[in-house]
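Readers should treat all values here as calculations from the given coordinates under stated rules, not as data from a laboratory. Bear in mind that the values here come from a model prediction, so they are computed numbers and not experimental data. Virtual Cβ from ideal backbone geometry, glycine too; neighbours counted across all protein chains shown.
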Amino acid sequence: MTPPCVASDETAAETRHDCEKLFSVMQSEKHPATVAKMFDSVAPRYEIITDLISLGQDRRWRRAATAALQATPGDVVLDVAAGTGASSAVLARTGAKICAVDISPGMVAIGRHDHPDINFVVGDAQSLPFADETFDAVTVSFGLRNMPDPQRVLTELARVTKPGGRLVICELSTPPWPVLQFAHHIWMGHVMPVIARLSTNPASYHYLTESIVDWPGPLVIARWMADAGWRRISFRRLTGGIVTLHWGNR
Ligand SMILES: C[S@@+](CC[C@H](N)C(=O)[O-])C[C@H]1O[C@@H](n2cnc3c(N)ncnc32)[C@H](O)[C@@H]1O
């Protein structure tokens, strides 16, 4: 199948125009409906591309996020921006009951198909369809960066978490050391676009690079968490800072 953004037939110009328009909208405003549309378009190959782009490290990062969450059997855990359930499936191995929420119906459809044991809900992290203090723990993997108002989402996560409950954010970040920064820049700017051609919407991967560059450092995110009502906040860089884990308690 020809990916829509590199099509060479008469529909190519129109499709490319759509992708470029989508990309520029993403830069100026991460509107949930636009984000959902973009993830719908990459859903069929999302997991394989993620594996390739991260050289399989995403599996290690998901395991680290699950360990940091400290969920135990019987806990009820909310995985926000769960996508196709790659992170939820790792969380489910703890014996906790997982509720997976995502705004993209396309990602959720694949998640429901691949993980029938996990409860998937289509919903917006900014306005979660759950009562106050429902969950023992909440987590977001590679999702907070895509949201227009991350501070609002952190507050919403605090609302649905029981007192004392745990939050873990796992997010892509820029390595703090210049040599790694350079290698990261080369990978994101030159290698990733080649891998992204395998995607069902290669243009969307330009957005990924930009969104990482724009994402603030861990101390800013720690302040957002504190402002949202989280306590005992800390963070740890993984793989030289390509990913950062943030955690705290309600
Ligand atoms: C990069 S994917 C991560 C998926 C999954 N957590 C993983 O680790 O593979 C980001 C996900 O965030 C979701 N997302 C973005 N904005 C959202 C919002 N406002 N509410 C809920 N989900 C959102 C997207 O639909 C997408 O599935």
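Restricted to the range 227-250, and to residues that are surrounded by 13 or more Cβ atoms within 10 Å (Cβ to Cβ) and part of a helix (DSSP H, G or I), which residue is farthest from the chain's Cα centre (by Cα)?
Here the residue is Gly240.
Mind checking which residues of the range 148-171 are within 15 Å of the ligand (Cβ to nearest atom) and of a type in the set (Lys, Arg)? Outline the logic, then answer.
Filtering the range 148-171 down to residues within 15 Å of the ligand (Cβ to nearest atom) leaves 148-157, 159-160, 167-171.
Arg152, Arg159, listed by residue number.
How many of the residues in the range 197-239 are in contact (Cβ under 8 Å) with a residue 60 or more places away in the chain, in contact with a Gly (Cβ under 8 Å, 6 or more places away or on another chain) and among the aliphatic types (A, V, I, L, M)?
Final tally of qualifying residues: 1.
Looking at the range 46-69 only, could you name the residues that are out of contact with any helix residue (DSSP H, G or I) (no Cβ under 9 Å at 6 or more places or on another chain), surrounded by fewer than 15 Cβ atoms within 10 Å (Cβ to Cβ) and over 21 Å from Ala183 (Cβ atoms)?
Ile48, Ala67
Take the range 131-147 and flag every residue that is more than 13 Å from the ligand (Cβ to nearest atom) and in contact (Cβ under 8 Å) with a residue 40 or more places away in the chain.
The first filter runs over the range 131-147 and keeps only residues more than 13 Å from the ligand (Cβ to nearest atom), leaving 131-137.
Those that are more than 13 Å from the ligand (Cβ to nearest atom) and in contact (Cβ under 8 Å) with a residue 40 or more places away in the chain: Thr134, Phe135, Asp136, Ala137.
Would you confirm whether any residue within the range 103-111 is away from the ligand (no atom under 13 Å from the Cβ) and either in contact (Cβ under 8 Å) with a residue 24 or more places away in the chain or under 25 Å from Trp215 (Cα atoms) (or both)? Full working, then the answer.
First, pick out the residues of the range 103-111 that are away from the ligand (no atom under 13 Å from the Cβ): none.
No, the range 103-111 has no match at all.
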